Every structure is written in C-alpha cells, then in structure tokens.
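Written out below as structure tokens is the structure these notes cover.
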Amino acid sequence: MTDLVIKETELEIKADKVIENDDPFRPLTPKEIVRELDKYIVGQTKAKRAVAIALRNRWRRQQVPEELRDEIAPKNIIMIGPTGVGKTEIARRLAKLAQAPFLKIEASKFTEVGYVGRDVESMIRDLTELAVNMIKEEEQEYVREKAEQIAEEKVLDLLLPPPPARKPKEEPTEIASENFVIKPKESIETDSYQRTREKFREQLRKGKFDNTEVEIITPDRSNMPMVEIFSSAGMEEMDINFKDMLGNIFPKKTKNRKVLVPEAMEILAQEEAGKLIDMEQVVEMALERVEQSGIIFLDEIDKIAGREKGQGPDVSREGVQRDLLPIIEGSTVNTKYGMVRTDHVLFIAAGAFNVSKPSDLIPELQGRFPIRVELDSLTEEDFIRILTEPKNALIKQYSALMMTEDIKITFAQEAIKKIASIASMVNQRTENIGARRLHTVMERLIEELSFNAPDLKKKKYTIDAQYVDKQLEEILENEDLSKYIL
C-alpha cells in the first residue's frame, strides 16, 4: 500500500513538471480556478468546483489522441439556486479565466421560430463574432512591434517631410581624386535630411514631441449612410450581409484630424496592425476555437421552463426549448464567417427555479445537462463575508467612492454585523433577493453622507452600529415601508 502511494505521488510530480516545461501557456488547474473565484464570490464551493472541472476538461480534451477527441462530449452544467447567490457572478469571473470564446446570454431573449424575438442560432453567431475579435486582437499583438515601427516612420514624415524628389536631366556622378570626393548636391541634401530625421527619431522616443499636433487622415464614419433594417427571428444573417454589401457599394470617405503625436502613433499603429494580419487565417482560427473551446452561459433558463398551456404569452416556451435542443446536442450553424459545428461547445445554464423547477424542462433538454449543481441561500455570516472579504467588497467600493470627495469613512465591525443582520432580516420578511439586498441597504445607509459629501468640512467619519440604527430605524420599524424602500 505504501509503495503504491509513493508511485502515485512521483507520477503527480512528474506530470506537473511536464506541464510547466512543455506548455508555458497552460490553463489554470481546477484548484487555481476555484482560488480565483474565491477572490470575488463567497461560498458556493460545489458550483465553483463544477465549473472549474468543466473548464479544465476543455484543455484535457485537446491533449487526448485525435481519434478519441471527437468522442468526448462536453458535460454541460445547470446551476440551480435563488437569485443573488452568485450564479451570474460565477459566469462573469469565469469569462476572464476561460482563455476561450465566452458568451453570456439570457434565455428569455429567445422565442420559438415564428414569434417576434431572437433566433436561438444567433447565440452561435454572436460567439463566433467574439472569437474573431479575440483572435484579431491576439494577432495584432504579434505584429504590434512592426506596426509601431511603421507608425513611427509615418509620424516622422509628418514632423519632417522628406525633401521633394528631383529628376535631373543626367544622372549625378561623384567626382573623385586622391585627396577629396565631390558629391552631387542631391546626395548632400539626402545625407543632411537623414541625420536630422535620426535626431527627430531620438527626440520622438524621448517624448519631446508629446505636445506637438500633427494632421493625419482617418476614415470618416460620421457621414456613413444610415440604413435601418428590421429583421425578424432567423434573419440576423441577412441583416449583417446586407449591411456589409451596402458598406462596399458606398465609397469610403476620409477626413483630416489634428491630434497630438502620441495619439497619432496609436491610431496609425492600429491601422498598420490591421493591414499586417491575414483575416482569412484569423477567421479560420476563430472558427476552430469556437468549435473546440467555445463556452456559452445560458442565464435565466428557468424563464423558458414550463409545458404548453395552449395559449397566452407562455405559448412559445416549450418551442424555445425544442429549438435549443439541436444547438446543445450538436448541429451546424451558418454564420457570416462560415459553418460552425456546436458538438463540443460547452453550455452552462443557470436559473433561480423559484416558480418552476428543473423537471419542468422537457426531458430531452434535461438530458443535455448531465451535471446539476445547487447553490445555497446566503446566511447572515455570508453577508458579513461579502461585505469585507472579496476584492470588490461593497465596503471597499463605498470607501473608494467617498475618497473621491476627500472623505475617509471607516466601518466598525459592529456596523458591518448590523448591516448583514438587517439585509438578512429584510430578505426573510419580503422577497429573498440574496446579496443584492446588501446594495439596497448600503445605498440607503450612505445616502445622507453621499448627498452632502461635496460640502462637508469634516473629512473623517466612522460608521458604527448607532449610525446604522439612526439611518435605517424608521424604515425597519414600519414593515410596510420597508417592503418598498428596502
């Protein structure tokens, strides 16, 4: 037994070394992903572990032999929990960690084909557009140095225009003797210009021209013809192609702009970087990345749950679910960049399911989400942690906002506990909206201080339990009022 444990440990160490040395751009491990999510989201360990494993599996699938790779289907996740517990926040933070095309969209935007609303296939088109922009930015970074060199030359041409080219009747020749060489006048002028240009280059790099204005030519987008197209569900692609066609028909106009040298460098570098990249290759790489690594976070999926009742505003709910089925299971979607297969796109769905329940989804759709994670309701202790622990904690946010008025506010520990207690109590009395209740309570608490901040002479304030009671006592005592105010 001991020998087996030692062998496993050695294997783990060896695997880590291989990953570190052979793949310096490796994605985060599941533990690292959870650690990053912990910086912004309190609790919900089960949900964090599920999305961390799913994200890591995207990378693992790329490492297996090609014949097996196509057989490994993504394990879609459905997150179930009340509003305000962190479902959407997990998606927002996951987008930054994914290193892949990531789209967050609400299921309530979609309708069944034949009704007014968005077609479900449009999410794949949006994801493809995001991927193209992502690859384009990456490729522009690769050619950034070369683009900046070209931009520098163009700015130098603006600061020091080259001498006009002359066409002499005869080619100038150098007259040489044993003691001296007589160069033609044009050659002397060129040498002088080059020396001056190099001096300008040196000054440009040192920032001596940062306050100098130059005139550059940029595309004029203000006079583009306005064409408004009303396209129904399933017609977004025709809408896009029609706009592209019109854009090619009308001549491109330009305008002269006077800008400072640093801004001119940036504009010209962007323009040159766009010229240096191969858009055909960008599109090809983008389609590949969408198909192999794309992630779609489908929020508010509970809003399309429910069976048909025959008539009324909910008539298209089951239709939307049926339209989603082929996309999630794997189909081919036509986009302006080409055909995209969705077989290996990872779908993460989320919903409060406070009115409906996951079993209200049609069985086929339930089967497409094999992993289900339930998120816990937030307690008073969780509220205290939310107020203080995350990188973007509410206490830090309000303190930073007040600092812009040169006012320093400090929250006593008793005040933080009181705020958490009030938020928890109001959630129990009225609708439970989770951590969003903290925003309501905090805004009401700081309202007077925030309103008078520009005129206050005192620059330091301590928010204690008595101050919290004073600001919120009247609302809390009147239960009917608290339902509307908090």
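The values are calculated or read from the model by the stated rules, or taken from the named source; none is laboratory data. These numbers come from a predicted model, not from an experiment. All Cβ positions, even for glycine, are placed from backbone atoms using ideal geometry, and neighbour counts span all protein chains on display. To get the accessible areas, we keep the full protein, side chains included, count just its heavy atoms, and leave off ligands, DNA and RNA. Shrake-Rupley method; radii C 1.70, N 1.55, O 1.52, S 1.80 Å.
Counting pairwise Cα distances across segment 339-486, what percent come out greater than 22 angstrom? The share of Cα pairs beyond 22 Å in segment 339-486 comes to 53 percent.
Report the FRET efficiency, 1/(1 + (r/R0)^6), for Y142 and E473, where r is their Cβ-Cβ distance and R0 is 51 Å, rounded to 0.05. The pair Y142/E473 has a calculated efficiency of 0.25. Across segment 362-448, Cα-Cα pairs more than 23 Å apart make up 36 percent of the total.
Positive contributions from Lys and Arg (+1) and negative ones from Asp and Glu (-1), summed over other residues with Cβ under 12 Å from the Cβ of T88, come out at +1.
Shape call for segment 46-120 from the C-alpha gyration tensor, a ≥ b ≥ c root eigenvalues: rounded (a/c under 1.5), prolate (a/b greater than b/c) or oblate?
Verdict is oblate for segment 46-120.
The number of Lys pairs in segment 360-486 with C-alpha atoms less than 13 Å apart, excluding pairs fewer than 8 positions apart on the same chain, is 6.
Accessible surface area normalised per residue over segment 37-113 is 46 Å², counting heavy atoms of protein chains with a 1.4 Å rolling probe. Close amide H partners of A349, meaning residues 5 or more places away or on another chain with modelled amide H under 5 Å apart, are I77, I78, M79, L298. Using the Cβ-Cβ distance between Q63 and D343 with R0 = 22 Å, the FRET efficiency computed as 1/(1 + (r/R0)^6) comes to roughly 0.75.
Computed over neighbours whose Cβ is under 10 Å from that of A415, the net charge equals -1, Lys and Arg +1, Asp and Glu -1.
Using a simple spin-label model with pseudo-atoms 7 Å out from Cα toward Cβ, N392 and T404 lie 1.6 nm apart.
With all protein chains kept in place, the per residue accessible area of segment 343-433 amounts to 49 square angstrom at a probe of 1.4 angstrom.
Label positions at E202 and E443, each projected 7 Å from the Cα along the C-beta direction, are separated by 5.9 nm. What's the local net charge at G367, with K and R +1, D and E -1, over the other residues with C-beta under 14 Å away? Charge balance near G367 sits at +2. In this simple spin-label approximation, A465 and T83 carry label points 7 Å from Cα along the Cα→Cβ vector, and these lie 3.2 nm apart.
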